[in-house]
Every structure is written in structure tokens, then in C-alpha cells.
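Chemist: The structure that follows is given in the form of C-alpha cells.
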Amino acid sequence: MASDSRNATMNIVRSHNIRAQKKYGQNFLTDDNVLDMIVEAAGVCSGDHVVEIGPGLGTLTKRLAEKAGHVTAIEIDTQMIPVLDEVLAGYDNARVICADVLKTDMNEIALSYPDEKVKVVANLPYYITTPIVTGLLESGVHYDSITVMVQTEVAVRMQTGPGSKDYGALSLAVQYYSKPEIVVTVPPEAFYPMPGVESSVIKLDLYDEPPVKVNDPAGMFRIIKASFMQRRKTLANSLQNNQDTSIPREKTENALAAMGLDPMIRGEALTLEQFARFTDLL
Ligand code: SAM
């Protein structure tokens, strides 16, 4: 049986003469089960203010508005605005902001409904997944959770630890701020047009307090970024040669010795706890 959302999507595409824009990462979700699963995984309820990034044709937005206290949807593509006005006409609790999410003041948006928990829910534009997710995590906004569709490869990177080729700066940023959990893997057939990659829904449950203590979190993330820039180099070499850190080799080696670690160790072998301790020692 064809999905209702697939029929609705194709009708809107035809009636509004929509051309999915690759440059905006437009792959519209057309599978009812997956749409329901996202709303369910996010645990959206009437006490929530949901921030949706990239509502597109409003298929997910409608479902969110049915459950949430309020929905704020941020969409860059002006082509989508008349469609969203039409699709969301019956939902007084939903508003659309036409803007680039990377240039939007998320603190201001979060403060619009101060009594509601702020949850981010989205089928993200894949070309800017990392800047969106790290931007949200580092924004200082107290999000309750972030439930997003991303490329499976990126979802795996968010969840993994040392010893995997997928471990990197994104894994550490995500795990410093939240507990990640992959909810479901979604095939290309669930979208129109079909993306060239497999997708996954991942939920990040944000911590009230980070799981490790570090005196200078921004300094730790500068060290982490420099360590993974050339991941086959030793940590001491990476930190000495990187412009943002320029830490003399002996300093790194002394700190590693104090931690009982090999001075030739690579950054990719360090856990989040070890990066925190290392930063404090420096
Ligand atoms: N939510 C819709 C769905 O699930 O069918 C559309 C998801 S589509 C993968 C990504 C959406 O993000 C598109 O509507 C696209 O125009 C929008 N988008 C892309 N870049 C954006 C940006 N910088 N700021 C806000 N929205 C953006």
C-alpha cells in the first residue's frame, strides 16, 4: 500500500511545481512509519517546544504540531514557504522562520516559550550535519534532546569510541554533551528523491552536567580538533604543528607521562576522560 505521506508529497511537488534542490540537501521523507517513529523517539508532548530544522514540505512538522506545545520550524528555501503556509494552516501552535539555521540566534528562539522543554527534531540537510549538530551542542541553549535523521555513517561516528576508524572530534563533542543512541536505520526508498546513502535516526539525550570535568572545555576541544586533523601522527606532533594549539612537544610528552601513557600515542587512542585530564595537566 502506498504511504499517505508519499501521495501527499507527490501531490504538493506537482501542484507547487517543486524541484528538490540538491544544494539544500532536499530529500523529503515520505514513509509514514518512519515519520511516526521519529516523533515517538523524540517523546514529543504538550509541554515541549520543538525546534525543527528544515521543515521542507511540512510532512514532519504537521506531526510534531499535533503533539507539541509549540513548533518553530527554520527553513532556508523560500520556495517552501507558501507550501508550509498551506500545510500548516490549521496549526496555530506552529510558526515558520525563513532563515539559514547556521546564522540563526537559537538562544532567542529557545526563549520564546520559556516554560516549555526545548527539543530539536529534524530530518537534517546532510551537507551541513556536523556544523548544525556541533553548533546546537555548543550553543549554551539547554536542549532536552536532539532527535535527527542523518547519514548512517555520521550516526555511527557520533556513537563510537577509541579504537574505531570512525572515532573523531564529532564523537567526542557529541559524547561530552549527550548520550547518543541510534533509533532506527532507514533505507533510501523512504525519501523522495532517494539519497545516495543509507540514513539513521539518532537521539542525543543532553546531560545536565557533562560526564567529565575539565577546567577549559573550549581548550579541550581545540586540542581534540588538532589531534584528529592528521590522525596518523602522534599527539605530540599534531599539537606542536597545529596553529591553534602550538604546544611544545615536551609539554605534551610530560603530560602523557604523568598520565602513564606512551609519549608516542596518537590522539585517536585517547578517551574523553583522558582528553579532559590531559587538558587540565597542560
Ligand atoms: N523535513 C523535511 C522532510 O523530512 O521531508 C525536509 C528534510 S530535507 C532532508 C532538509 C531540509 O532542510 C530542506 O527543506 C532544506 O531546504 C532545508 N535546509 C537546508 N539547508 C538549510 C539551512 N542552512 N537552514 C535551514 N534549512 C535548511
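The values are calculated or read from the model by the stated rules, or taken from the named source; none is laboratory data. Here the structure is a predicted model, which is why all the values come from computation and not from measurement. All Cβ positions, glycine included, derive from the backbone under ideal geometry; neighbour counts span all protein chains shown. Side chains included, ligands, DNA and RNA excluded: accessible areas come from the protein's heavy atoms. Shrake-Rupley method; radii C 1.70, N 1.55, O 1.52, S 1.80 Å.
Chemist: Whole number in Å², please: accessible area per residue of the chain, 1.4 Å probe, ligands, DNA and RNA not counted.
Modeler: 48
Chemist: Using a Gaussian network model on the chain with a 10 Å cutoff between Cα atoms, which of ILE38, ILE182, ILE146 fluctuates the most?
Modeler: For the chain, modelled as a Gaussian network with Cα springs under 10 Å, the answer is ILE182.
Chemist: Ok, one more. Cut-off 18 Å, label point 7 angstrom out along Cα-to-Cβ of ASP244: give me the residues of the range 141-165 whose amide nitrogen falls inside.
Modeler: What the label zone holds, given the 18 Å backbone N cut-off, is 158.
Chemist: How much accessible surface does LEU29 have with a 1.4 Å probe, in Å² rounded to 10?
Modeler: Approximately 10 Å² for this residue.
Chemist: Grab the beta carbon distance between ASN11 and TYR207, set R0 = 30 Å, and tell me the FRET efficiency rounded to 0.05.
Modeler: Result of the calculation: an efficiency of 0.10.
Chemist: Once the other residues with Cβ under 13 Å from the Cβ of LYS179 are scored (Lys, Arg +1; Asp, Glu -1), what is the net sum?
Modeler: Local charge sum for LYS179: -4.
Chemist: Right, something else. Note down the relative contact order for the chain as a percent, whole number, built from C-alpha pairs under 8 angstrom at least six residues apart.
Modeler: Relative CO of the chain lands at 15 percent.
Chemist: Once the piece of chain linking ASP216 and GLU86 is laid out straight, how much longer is it, given 0.36 nm per residue of separation minus the C-alpha distance between them?
Modeler: Length gained, ASP216 through GLU86: 42.0 nm.
Chemist: Another one. What is the sum of charges, Lys and Arg at +1 and Asp and Glu at -1, for the other residues whose Cβ falls under 11 Å from the Cβ of GLY56?
Modeler: Neighbour charge sum, excluding GLY56 itself: -3.
Chemist: Could I ask something else about it? So what is the relative contact order for the range 217-281, in percent, with contacts set as C-alpha pairs under 8 Å and at least six apart?
Modeler: 36
Chemist: Suppose R0 equals 41 Å; then what is the FRET efficiency for ASP280 and TYR127 from their Cβ-Cβ distance, rounded to the nearest 0.05?
Modeler: 0.70
Chemist: Suppose we keep just the DSSP beta bridges with both residues in the chain; what percent of those would be antiparallel, to 5?
Modeler: Close to 45 percent.
Chemist: With a 10 Å cut-off between alpha carbons and a GNM built on the chain, which of MET259, MET106, MET158 moves the most?
Modeler: MET259
Chemist: Semi-axes, largest first, in whole Å: what does sqrt of 5 times each Cα gyration tensor eigenvalue give for the chain?
Modeler: Semi-axes, largest first: 39, 19, 16 Å.
Chemist: Evaluate the distance, in nm, between pseudo-label points positioned 7 Å from the Cα of GLU153 and of ILE97 along their respective Cα→Cβ axes.
Modeler: 3.1
Chemist: Can you give the net charge of the other residues whose Cβ lies under 11 Å from the Cβ of ARG222, counting K and R as +1 and D and E as -1?
Modeler: That sum, taken over residues with Cβ under 11 Å, equals -1.
Chemist: Taking 7 Å along the Cα-to-C-beta vector as the label spot, tell me the HIS142-ASP4 distance in nanometres, rounded to one decimal.
Modeler: 3.7
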